[in-house]
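Readers should treat all values here as calculations from the given coordinates under stated rules, not as data from a laboratory. Values in this document were obtained by computation on a predicted structure and should not be read as measured data. Neighbour counts are summed over all protein chains in view; Cβ atoms, including those assigned to glycine, are modelled from backbone coordinates with ideal geometry.
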Amino acid sequence: MAERPDLLRHTPHPGSGLAAIARAARSDAAPYWAHLWPGGAALILHLQRHPETVAGQSVLDLGAGAGLVGIAAARAGASHVTASDIDPLARLVAAMNAEANGTPLALAGDLLDGPAPDAQVILAGDVFYSAALATRVLPFLHRCHARGARILVGDLGRAHLPRAGFDALATYPVRDLGDPPGATRDGVVLVPSRDGFGMELPRDRP
């Protein structure tokens, strides 16, 4: 049975305010923020079990979507949390979810091509789902790591996750979109490898 992160979140449906906002915005971006993705769920569960990971630290929730990982970090005692997402609708939903959970959350847009931020901990859930995104995310994580930030990645082991450069820290039973009721997968929390944080991305994978 998959563990369930205990967080309040707004979900879109035909009669919801979120659906109306999305229609009004006429955004072409896929509504990734509408779901709790498995890598994010693994990170949330890890923070719930190990709040010391972020307690008293400044945190960046990278590719935040609805902001649930960042909200979990705030609940775990992070001193300051920024939720970064390229989609302005995602940032709006993250703000709504933060308010619903009574947690402070700063918001930021696309940071991937800029310098490493000041955050002491970077939480990156499900950020290797496409080759185009992976080629931007990995150098950004390297810049953050070089500056001294702690990196935690949540993933199912998708095609574009680097197979070298990360070590598994913990595994949690989570669900992915489309999974039948009761089915679970291994959501893995990864950290940069002690043997070297490599830059090589997988090749010729779908």
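In plain terms, the residue of 62, 138 with the fewest other Cβ atoms within 10 Å comes first and the most crowded comes last, giving 138, 62.
Between the beta carbons of residue 79 and residue 146, assuming R0 = 25 Å, the FRET efficiency works out to 0.65 to the nearest 0.05.
As a proxy for reagent exposure, ranking 47, 177, 89, 123 by other Cβ atoms within 10 Å from fewest up yields 177, 89, 47, 123.
Taking amide H as placed 1.01 Å from N in the peptide plane, residue 170 has its amide H under 5 Å from the amide H of 189, each at least 5 places away in sequence or on another chain. Put simply, the amide H of residue 151, placed in the peptide plane, has neighbours under 5 Å in 122, leaving out anything fewer than 5 places away on its chain.
Close amide-amide hydrogen proximity is noted between residue 81 and 59, 106, each under 5 Å apart and 5 or more residues distant or on a separate chain (H modeled in the peptide plane; Pro and chain starts excluded).
Taking the DSSP beta bridges with both ends in region 32-192, the antiparallel portion is around 40 percent.
Annotation for region 79-152 versus region 154-194: alpha-carbon center distance of 18 Å. Our estimate of slack between residue 193 and residue 169, defined as 0.36 nm per intervening residue step minus the Cα-Cα distance, is 7.6 nm.
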